[in-house]
1. Pick from the range 78-101 the residues that are surrounded by 12 or more Cβ atoms within 10 Å (Cβ to Cβ) and closer than 21 Å to SER138 by Cα: which of them is modelled with the lowest pLDDT?
2. Which of the residues belonging to the range 30-62 are more than 30 Å from GLU167 (Cβ to Cβ) and of a type in the set (Lys, Arg)?
3. Being open to solvent by less than 70 Å² (accessible area, probe 1.4 Å), outside any helix (DSSP H, G or I) and of a type outside the set (Ser, Thr, Tyr) is true for just one of ILE54, ILE75. Which residue is that?
4. What's the number of the only condition in (1) at pLDDT 90 or above; (2) part of a loop (DSSP other than H, G, I, E, B); (3) open to solvent by 70 Å² or more (accessible area, probe 1.4 Å) that HIS23 fails to meet?
5. In the range 197-241, which residues are closer than 30 Å to GLU3 by Cβ and modelled with pLDDT under 80?
6. Would you pick out the residues in the range 55-91 that are in contact (Cβ under 8 Å) with a residue 60 or more places away in the chain and either on the phi > 0 side of the Ramachandran plot or among the hydrophobic types (A, V, I, L, M, F, W, C) (or both)?
7. Among the candidates GLY109, GLY119, single out the residue that is more than 26 Å from LEU36 (Cβ to Cβ) and either hydroxyl-bearing (Ser, Thr, Tyr) or modelled with pLDDT under 90 (or both).
8. What about SER143, is it at pLDDT below 85, surrounded by 13 or more Cβ atoms within 10 Å (Cβ to Cβ) and hydroxyl-bearing (Ser, Thr, Tyr)?
Amino acid sequence: QFEKRLEAETRVKRKILPDSRVHACLYFIAPSGHGLKMIDVEFMKRLHDKVNIIPVIGKADACTKEELEVFKQKIREELAEFEISVYQFPRDEDESESSDISLPLAVVGSNVVIEDKEGRKFRGRKYPWGCVNLEDESHSDFSLLRHLLLCQHTQHLIDLTTTTHYENYRCDKLTRLAGGDHGAEVTNKNPLAALEDESKDHFQEVCKMEKEMEDTFNKKLEEKNKAMEMLKLEHKEYIER
């Protein structure tokens with residue numbers, strides 16, 4: 001998405017594209033209680049400079065409140081240890097430090113509608129010991145997460161994508177096109193022309209891959225048809241006997 005936007009911006013006649021960039025990535029962490037897996041660390045390290053990562057513990061009802069607090073603290077320590085940047089929800093000037101949103105959030109998901117004794121309906125999970133209400137903030141951070149993303153900090157996420165992630169990508173891309181990665185051959189080349197050349201090369205590579213995939217598919221289809229013909233022939237010979 002960043003590449004499409006940069007290409008549109010660097011045309012002689014600029015194209016106005018709808019903003020299709022990803023402004024928030026909810027990264028779900030399994031409620032193992034043992035911290036992050038190495039695949040989680042590697043994945044987030046590859047993403048954290050491209051998108052606003054919001055770590056979320058899924059299926060939080062699998063842990064007690066005490067276990068969740070210990071698990072959250074361990075995740076925060078590992079994020080700092082591996083130098084993974086995650087999105088920090090901003091605090092209003094009139095709010096105290098105690099009002100900071102402490103990541104990761106812990107949520108419970110369900111598409112089952114439950115009705116309590118008083119006739120109130122809610123989405124949640126039913127267990128022998130009781131029910132988990134998705135909307136109840138003492139049970140799950142679902143309502144809090146929804147409010148933060150869709151109401152309170154939507155514009156801040158968009159602004160951070162534009163001013164930080166996209167700008168870093170744009171500067172890095174134009175610097176490399178100006179000669180950083182291609183040696184002396186393109187040192188004096190116009191970055192915009194280099195960007196257009198790279199887009200053409202990418203398009204040709206995609207076309208080549210599509211052609212190879214189509215050839216492979218046709219070859220397998222032909223082999224299958226031959227096998228079917230042989231099977232029909234053998235079956236016919238068997239019947240004639």
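The values are calculated or read from the model by the stated rules, or taken from the named source; none is laboratory data. Given the structure is predicted, the values throughout are model-derived calculations rather than measurements. In this analysis, Cβ positions are derived from the backbone assuming ideal geometry, glycine residues included, and neighbour counts consider all displayed protein chains. Heavy atoms of the whole protein, side chains included, go into the accessibility calculation; ligands, DNA and RNA do not. Shrake-Rupley method; radii C 1.70, N 1.55, O 1.52, S 1.80 Å.
1. Keep residues of the range 78-101 that are surrounded by 12 or more Cβ atoms within 10 Å (Cβ to Cβ), which gives 78-79, 82, 84-91, 100-101.
Checking the rest, the ones that are also closer than 21 Å to SER138 by Cα come to 89, 100-101.
Working: PHE89: 89, ASP100: 63, ILE101: 75.
Across the range 78-101, the extreme among qualifying residues is ASP100.
2. Within the range 30-62, the first condition is being more than 30 Å from GLU167 (Cβ to Cβ), and the residues that meet it are 30-35, 37-38, 57-62.
LYS37, LYS59, listed by residue number.
3. Numbers: ILE75 fails: outside any helix (DSSP H, G or I).
Exactly one residue qualifies, and that residue is ILE54.
4. Tallying (1) at pLDDT 90 or above; (2) part of a loop (DSSP other than H, G, I, E, B); (3) open to solvent by 70 Å² or more (accessible area, probe 1.4 Å), HIS23 fails exactly one: (3).
5. So in the range 197-241, the residues closer than 30 Å to GLU3 by Cβ come out as 197-217.
Result: ASP197, GLU198, SER199, LYS200, ASP201, HIS202, PHE203.
6. First pass over the range 55-91, keeping only residues in contact (Cβ under 8 Å) with a residue 60 or more places away in the chain: 56, 60-61, 87, 89-90.
If the condition is that a residue be in contact (Cβ under 8 Å) with a residue 60 or more places away in the chain and either on the phi > 0 side of the Ramachandran plot or among the hydrophobic types (A, V, I, L, M, F, W, C) (or both), then VAL56, ALA60, PHE89 are the ones that fit.
7. Values: GLY109 fails: more than 26 Å from LEU36 (Cβ to Cβ).
The unique qualifying residue is GLY119.
8. Values: at pLDDT below 85: no; surrounded by 13 or more Cβ atoms within 10 Å (Cβ to Cβ): yes; hydroxyl-bearing (Ser, Thr, Tyr): yes.
It is false that SER143 is at pLDDT below 85, surrounded by 13 or more Cβ atoms within 10 Å (Cβ to Cβ) and hydroxyl-bearing (Ser, Thr, Tyr).
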